[in-house]
Structure formats: C-alpha cells, structure tokens
Amino acid sequence: MLRYDSIAATPAADYPFRNLIGADIMPPELEGDIARDFPQIDKTGFMRPEDFPMGPSFKALLEEVRGEGFARAIGDKLGVNLVGKPTWVTVRKWSALKDGRPHTDGADKLASALIYLNPEGSSGGNLRFLEGPDQGGPGTKEVNPGYGHFIAFPRLDNSWHGHTPFEGERRVVQIAWLVSEDAVARKAKRHGITEFLKKLFSKTKQDEMM
C-alpha cells in the first residue's frame, strides 16, 4: 500500500535536526477508500485507532506502517535502526486549539513518522520543525498536510516541532518506534488515564449545565 519508491526518493535534511519531509507516500487511487474507512473518531487528540470503528483499507494501512519494510525505509533515511522495534500507532481526526504546542517528545521514543490524509488544499495548523520552543522562531517551512504527504524524524533533545493553534478536521496517522515493550506499556497506561480524565471532565461539564 505504501509507496516505498517515494520514501527512497525523498532526501533527508539536517536542519534544524535530521528530518524527512516528502509526498506521494500513498497511492492516489486509494484516497477515496482511505477517507471512507478512516476510524470514526468523535473527539480531539491522537487516539488508538482500534478503539473506533474503521474499514478494511485503513486496517491494511495500519498493518503496513507497523511492519518491517516501513521501519527499514524510514530508519535508513534517519540513520536510526528501527527494525524490530515496538511501535505505538495513533490517529488524529480532530484538532483542538490547545494541540500542537512545540515539544521534543519523550525519551521512550526512538523516532516518529506522520502520514497526512487530508484533502489537497487543506490548511491551518501545519507542522514545522523548529530550532527551539518558539513556534514563530527559526525552522523549516510548514508541512503540507494533504493526502500522501509525510514527515519523519528521530527523537532528540533538540527535535522541536509543533504547529500554530488550529481547530477542525486534521487527519493524520502517527507512527512512533519505541525503545522497548515496557515503553509501549507505559504509553498504553498513560493513554488510558488520559482518556478516563477526558470522559470525567466531559461528564462534569454536562452535569454543571443541567
């Protein structure tokens, strides 16, 4: 499903740190199928896709991004051995204004890749790689979030990235390669706690309005 020739043809850059910004990682003829089968997420933030209904083409995409071929293709470009490393895959459908603040990711990550799945021409909340925590400071140009565009980068102490506040639909798959299975367990535990707090906060707001 993924176009490995597009990954191979995309040159890696070293400013402001090692990164990959490319396009055409997804076959154009699958855009309609992927849009139809995208997980039916009704909340903001990155979610585990398996927690929501989805169709067969998206399930196939998830299986491939977790595979050895994708890990090798991205790892070769970044200079990081990702083959055999455990993955943590999440999906965003909706972005909130609080999302996207510049950050460097936690030490449990080795590298990350994002695959964008929005209609061509989508804008707002576009990611940049940055020299520091200032979203408006020096860094790369904004990444086009249209269908098939992708980025990848290693987790480093200076791997700052983020986007300006945006509220609305923003479809993206995030693949993280982690240092160990223990790191996966920690991610799952934190994710479960976060989801519990979101549900509790939502219920509290509803109770206050009654």
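The values are calculated or read from the model by the stated rules, or taken from the named source; none is laboratory data. All values derive from a computational prediction rather than experimental measurement. No Cβ is skipped: glycine too gets one built from the backbone with ideal geometry, and neighbour counts run over all protein chains shown. Just so you know, the surface numbers come from the protein's heavy atoms only, side chains and all, with ligands and any DNA or RNA stripped out. Shrake-Rupley method; radii C 1.70, N 1.55, O 1.52, S 1.80 Å.
In the chain, carbon and sulfur make up what percent of the accessible area (probe 1.4 Å)?
Of the solvent-accessible surface of the chain, carbon and sulfur hold 54 percent.
Which value, in Å to one decimal place, does the Kirkwood hydrodynamic radius take for region 1-97 when every pair of different Cα atoms is included?
14.9 Å
For the pair Glu31/Glu167, report the inter-label distance in nm, with labels modelled 7 Å from Cα in the Cβ direction.
So the two model labels end up 2.9 nm from each other.
Restricting the count to DSSP beta bridges whose residues both fall in the chain, what percent are antiparallel, rounded to a multiple of 5?
Taking every DSSP beta bridge with both residues in the chain, the antiparallel ones total about 95 percent.
Which whole-number value in Å² is the accessible area per residue of region 1-75, probe 1.4 Å?
Result: 48 Å² of accessible area for each residue.
Only four residue types carry charge here, +1 at the Cβ of Lys and Arg and -1 at the Cβ of Asp and Glu. Report the dipole size of the chain about the Cα centre in Debye, rounded to the nearest 20.
The calculation lands at about 560 debye.
Quick one: length gained pulling Ala96 to Arg66 fully straight, 0.36 nm per residue minus the C-alpha distance?
Separation in residues times 0.36 nm, less the Cα-Cα distance, equals 8.1 nm.
Can you find, among Pro138, Asn158, Ala183, the residue farthest towards the positive end of the dipole of region 136-186? Put +1 on the C-beta of Lys and Arg, -1 on that of Asp and Glu.
Pro138
Treating the angle as unsigned and between 0 and 90°, give the value, to the nearest 10°, between the Cα long axis of helix 68-78 and the longest Cα principal axis of the chain.
With both axes taken from Cα atoms, the answer is about 70 degrees.
For Arg186 and Phe52, calculate 0.36 nm times their separation in residues minus their Cα-Cα distance, and state this gained length in nm to one decimal.
Length difference between fully extended and current span is 46.1 nm.
Report the full-extension gain for the segment Ser123 to Asp24: residue separation times 0.36 nm, less the Cα-Cα distance, to one decimal in nm.
Length difference between fully extended and current span is 33.9 nm.
For the pair Leu156 and Asp5, how long in nm is the line joining their label points, each one 7 Å along Cα→Cβ?
3.1 nm
Any idea what the dipole of region 76-151 comes to, in debye rounded to 20, about its Cα centre with Lys/Arg Cβ at +1 and Asp/Glu Cβ at -1?
160 debye
Treating only the Cβ atoms of Lys and Arg (+1) and Asp and Glu (-1) as charged, compute the dipole magnitude of region 25-131 about its Cα centre; round to the nearest 20 debye.
360 debye
Say we join alpha carbon atoms closer than 10 Å with springs in a Gaussian network model of the chain; which of Arg48, Arg155, Arg186 then has the biggest fluctuation?
Ranking Arg48, Arg155, Arg186 by mean-square fluctuation puts Arg186 first.
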